[in-house]
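Laboratory data are not the source of any read-out in this text; all were calculated from the coordinates shown. Values in this document were obtained by computation on a predicted structure and should not be read as measured data. Cβ: placed from backbone, ideal geometry, glycine included. Neighbour counts: every protein chain shown.
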Protein chains: 2
Amino acid sequence: MKRSLLSPDSALSRVRGNLTDLETENIASLAARAHGVPDMIPLWYGEGDIVTPAFIRDAAKAALDDGETFYVPQMEGRPDLHAALTTYQADLHGIELGPERTTITPSGMQAVHIALTMVLQAGDNAVYVEPQWPNIRHAICVAGAEPRGVPLDLVEGKWVLDTDKLFDACDARTRAIILSSPSNPNAFMADAQLYRDLLEFSRRHGIWIISDEVYARLVHEGRAAPSMLQQADPEDLVMCINGFSKAWAMTGWRIGWLNHPASVAPTVRAMTQYLNSGTASFIQAGALAALVQGEPTVEMIRTRVRDGVDAVYEVLGRSNRVVLPEKPQGGMYVFFRFDGEEDADPVCRRLVTDAGVGLAPGALFGESFRPYVRLCVARPAEQIAAACERIVAAL
Amino acid sequence: MKRSLLSPDSALSRVRGNLTDLETENIASLAARAHGVPDMIPLWYGEGDIVTPAFIRDAAKAALDDGETFYVPQMEGRPDLHAALTTYQADLHGIELGPERTTITPSGMQAVHIALTMVLQAGDNAVYVEPQWPNIRHAICVAGAEPRGVPLDLVEGKWVLDTDKLFDACDARTRAIILSSPSNPNAFMADAQLYRDLLEFSRRHGIWIISDEVYARLVHEGRAAPSMLQQADPEDLVMCINGFSKAWAMTGWRIGWLNHPASVAPTVRAMTQYLNSGTASFIQAGALAALVQGEPTVEMIRTRVRDGVDAVYEVLGRSNRVVLPEKPQGGMYVFFRFDGEEDADPVCRRLVTDAGVGLAPGALFGESFRPYVRLCVARPAEQIAAACERIVAAL
């Protein structure tokens, strides 16, 4: 022992450097703004207002009744859930994945954390497309790496990714590119060509593509958004994040999955053991029911979301104070701005008190999106319309 | 982009270096040895044979019925569970902790991971007491640091920690000392003096003490093992791991908690959000029931474990091939060796096929414990006695 005496003021001074800067001002903390405001319509969260359907809750309850309260020996997930996921992904995307390329995770967030921890360390960086759900940026910091956001451009009302700009942001220490599609917050959706361009770059430079497809089922046309997995070869440097939260109204269940190359399965298995030691069996029973019997639920949620988007465009479209981009083709949000406002945050605060409507300010999703707001449409269209009427009246 | 062309053989070649070495041969994989063996008595896991009591399962089911399927706004844990934990820890240890020093985690394992990630990075090391549950060593590697095991000594049948040896293993890059008490596998139990010695060292050198107290309730005398929290000041560099798995038969629920200084609460909150975004509300409802109504359950499990230990000592004590240390005063295991055997692994394999008994070989818990085996006693005493009779017969 050679280190000299130390008298830290607080324990915080002995926490790993970059972690003490982690922002805790985020979407979750917005709700505090609504304290004491009556009759709030909270459209700031990424969560709908539907309780998980009874057949999913019943499946979990039946598992509890059956005494499924032990460790699941297969920490990567129950074999029956794996089999159902294999069928589901084959049916949805025409791809054969299987258990060796799939790991069940206790939340999609944990899937992100595992994927990033596997490829990033201090000194590395990760490039991601903005606007982006803030947890991605913070998860990169937790992994010790530098987050580099590359903004989408709004071209004639349409969000466009300039891949030259994306690739130029990469350097010798870039280990991953992260893309969400359909994206949260602005419903940017990758097509097959974009995925192929990313793959070509990945193959050339040995950079991982982490494809967040949590909103894949929430598309307004067709059964699912295109998947990176449809383009990638099995050993391409691709990991795909998914979860049950959005399409089956299971936000509070904390279950997701990670698709990965088979060669990294032993590492993902080990990470699963040493990070969380698996997902509760009765929660997996609920997820299994969702996959097997849940298509009407997905359809219902998708319809709600589409109707919610229509309501926003109908009501806000009448206001000359609101600048709407092209109508989103997927996702769970409308991302728009107020004419002449450089910073939407004060407007958001005012809308809480003056209109009783909660919107998420755009700066949370990337500094260059400060003029924007995110509005979650996963509620009844009448409620969304009412919220928008209030916004228009308050402006 | 300046990096040259790369043609990796597989995606694994692009995973963070030290993670590809993570061992997946561990306790969880021992079960494969039993494949096809009839009438096995599996004493290799750290898990009993009791289904979670009905009142705990009923609380989770009631929460599901009540529609508690949304995100919990307080990601650090439900306020009612926090309040119950505060009361519980005050009652058990005579300490006032409270929500600012407590974070609910989706598994005790995740609490370990969060604690280690907060204090370790590449180039650091963490010193831990051996024999030790293998996940601790691997969790240190996941955090990018070097694990340094310091073995306990067996002195006249009693496990003893030489603190000079422990402190000598620390250097300028040591960020944490990890101690489990009562320990898995050998029931080593820290007393107040040891905790005070560790604290003094921690204060002098700015090294965190991570105290794994998951087995705190499984003591054969008194209500709980001494806790590091009883000795530490609020801002001491102490984090304490705990969980619901062992004392309430909730291994499969994946819920635990982390006690930490209040000053690091914002970092732990942020980590919670960016690693897992909280623990399912209905699982927390089960944990709440366990705390409030679970003392008879704890007493029952404690009695079972003590009776199991007695059964082992009665039966194996008659064999001159078995070397038993002093009877453990806590924990869930007996850790012993076979006379004249340098490596217990082949003996363990033989006992699977010849005796139908599953024991965990000692090398999993530290290289210097290769002659030892771990036997889990969380089963009916008759079954433990029968297993021991088979072992004696097979030797």
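Points to keep in mind about this one:
- Working from Cα pairs under 8 Å separated by at least six residues, relative contact order for region B:69-293 is 28 percent.
- Three-way shape label, region B:40-134, alpha-carbon gyration tensor, a/c 1.5: oblate
- Cα-centred dipole magnitude for region A:70-293, charges only on beta-carbon of K, R (+1) and D, E (-1), debye, nearest 20: 620 debye
- Only DSSP H runs of four or more residues enter the estimate; each adds -39500 (n - 2.57), and after division by the residues of the protein assembly as shown the mean residue ellipticity at 222 nm equals -11500 deg cm²/dmol.
- Prolate/oblate/rounded label for the protein assembly as shown (Cα gyration tensor, a/c 1.5): prolate
- Coordinate range along principal axes, alpha carbons of region A:160-231, Å, largest first: 38, 23, 17
- Directionally averaged projected area (chain B, Cα convex hull): 22.4 nm².
- Chain B - percent relative contact order, Cα under 8 Å, separation 6 or more: 23 percent
- Region A:109-221 - percent relative contact order, Cα under 8 Å, separation 6 or more: 26 percent
- Label spacing, shortest first and in nm, from residue A:17 to its equivalents in the remaining copies (7 angstrom along Cα→Cβ): 1.9
- Label geometry 7 Å along the beta-carbon vector: residue B:87 inter-copy distances in nm: 4.6
- Rounded if a/c under 1.5, otherwise prolate or oblate - region B:210-294, Cα gyration tensor axes: oblate
- Farthest towards the positive end of the charge dipole of the protein assembly as shown, among the residues A:364, A:375, A:222, is the Cα of A:364, using unit charges on the Cβ of Lys, Arg, Asp and Glu.
- About the centre of its Cα atoms, the protein assembly as shown shows a dipole size close to 380 debye [charges on the beta carbon of Lys, Arg (+1) and Asp, Glu (-1) only; nearest 20 debye].
- Label geometry 7 Å along the beta-carbon vector: residue B:346 inter-copy distances in nm: 8.0
- Sparse-neighbourhood loop sites, GluC sites (Glu not before Pro) in region B:263-352 - DSSP loop, at most 16 other Cβ within 10 angstrom: B:326, B:342
- Whole-Å distance, taken between Cα centres, linking region A:183-224 and region B:112-149: 35 Å
- Measuring max minus min along each principal axis, the C-alpha atoms of region A:70-293 give extents of 49, 41, 30 Å (largest first).
- If both residues of a DSSP beta bridge must be in region B:69-293, then about 35% of such bridges are antiparallel.
- Residue among B:106, B:92, B:31 farthest towards the positive dipole end of region B:28-122, charges placed on Cβ: B:31
- Within chain A: Cβ-based charge dipole about Cα centre, in debye rounded to nearest 20 (Lys, Arg +1; Asp, Glu -1): 820 debye
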